[in-house]
1. Roughly how many Å is it from the Cα centre of region 74-146 to that of region 285-330, as a whole number?
2. Could you let me know the centre-to-centre spacing of region 365-400 and region 154-211, using Cα atoms, in angstrom?
3. If you plug each phi of region 58-64 into the Karplus form 6.51 cos²θ - 1.76 cosθ + 1.60 with θ = phi - 60°, what whole-Hz ³J(HN,Hα) values come out, in order, with x for Gly and Pro?
4. For Thr73 and Glu278, FRET efficiency with R0 = 25 Å and r from the beta-carbon atoms, rounded to 0.05?
5. In nm, give the distance between the simple-model label positions of Arg326 and Glu103, each being 7 Å from the Cα along the Cα-to-Cβ direction.
6. Among the GluC sites (Glu not before Pro) within region 259-303, which fall in a DSSP loop and have no more than 16 other Cβ atoms within 10 Å of their own Cβ?
7. Can you give the extra length, in nm with one decimal, that the chain gains between Arg386 and Glu113 once fully stretched, where that is 0.36 nm per residue apart less the Cα-Cα distance?
8. Between Thr346 and Ala298, what is the label-point separation in nm under the 7 Å Cα-to-beta-carbon projection?
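Read the figures in this text as sums done on the coordinates, not as results from a lab. The structure presented is a predicted model; accordingly, all values stated were derived computationally and were not measured. For neighbour counting, all protein chains shown are included, and Cβ atoms are generated from backbone atoms with ideal geometry for every residue, glycine included.
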Amino acid sequence: MGPKRDNRGRAIVRRRGRSVFLLLCCLAFFPLPEPSLSLAASGKAQKPGELLAFGDAAIVKGNRALAKKMAVTQALMKGVEDYVVNLLGSQGAVSHFERVIEEIIPAVREEIENFHILAEQQIGDRYKVLLRLRVNGSIIRERLRSAGLLLTETSPVKVLFLVSEIREGKASYWWKDPEGSRSLSPVELALHTVFQNRGLSPINRTLSPPGADQAGGLTSADLQDEDILKWGRLFSADFVIYGQCHISGNKEISLTLRVLNVCQGVQVCREFTGEQIEEGDRESFVTALEGVVNPLAAALCSCIRGVADSDREKPYPLTVTLAGMRMPKQFWRFSSFLSHDVMGVTSVIPSRIRDNTMSATVGFRGDQNTFISRVLNHPNRPFPLRINQLQAGMIVFDLE
């Protein structure tokens, strides 16, 4: 049954891709619709898979219609390219530059689902447009995973939100009663949606709340940095985003967010914004909040990725053991594979020999899970392997 579902899914993807390809082809022959003024003026918040992109083209021999089509096509391509680079991060995009431009970008162009022209203008002899486009993010991520680029290049950056909601001077926040707060607040929903859409991995604190004994003394509305970091460690977060969302009676929202690096134990960035919104029902309120969060998230995600990439650049020692060998040369093949094929490995120093096992101290730029993923999923792996034992800083691979 599994393969049949997969084939149907691929058929649907191919049909969608052909539809969008035909849509792009039609740009060369049929007039584009005028932009929707209500959409352009609404300031509607971006949803997952949505992004904005500029395009421009020269007006040749006074042909504004052709220039507009060319500008739209350019914006669509730029949007897709930016989305892929945002998922891979700077390190991943640079490391696999040729594959990204030759294999990935041409393939994911088919995953543009729709677009709207938000603004357009002729400036001199050039025509400029601003588009809102939607891409199929889940399929793009799957393509990157299948190509071995997304999961092998960067492990997910896990973020925990500690953001209180303050109305008329009264604060409500989930960590006052972690086990009793079983649903995400509108502020949390908006934060999760926007930051996940930008490639981070928000932690759903409702799935595994800590016990009362673990959370003791960490229930104040105004947490000290030490307490914020404790919450981060309780949820195994890489970063904690702490702050307040003030909502006044006239629907004015002010949002202050601070980011703390759990590993380093320091604040790495901070942002503030204020806006007037229409609250409405819960769904429309969450959508409006997403619009407030978006500009902050752009700056904070850039900061977080920069810190995370810097952390990954530092080599960490791992004790790696190969068990079940029949002859020593199997270890030397494995050692050579680690040194020359596994990205991030800086050194392999043999350390111990015992019966049919050999160990080495491996210097690796990244965390333990990333190392394991790169080894087990590498196409040039010298022989089948499986994890036998796993402890902090110690990994045992068994020859299958």
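1. Result: 22 Å between the Cα centres.
2. 33
3. For region 58-64, the Karplus-derived couplings read 6, 8, 9, 6, x, 7, 5 Hz, x marking Gly and Pro.
4. Details: r = 35 Å, r/R0 = 1.40.
According to the calculation, E is roughly 0.10.
5. Each label point is offset 7 Å from its Cα along the Cβ direction, giving 3.2 nm.
6. On the way: sites: Glu271, Glu275, Glu278, Glu279, Glu283, Glu290; in loops: Glu278, Glu279.
Sites meeting the loop and neighbour criteria: Glu278, Glu279.
7. Numbers: separation 273, 0.36 × 273 = 98.28 nm, distance 3.96 nm.
Between Arg386 and Glu113, full extension yields an extra 94.3 nm.
8. 3.5
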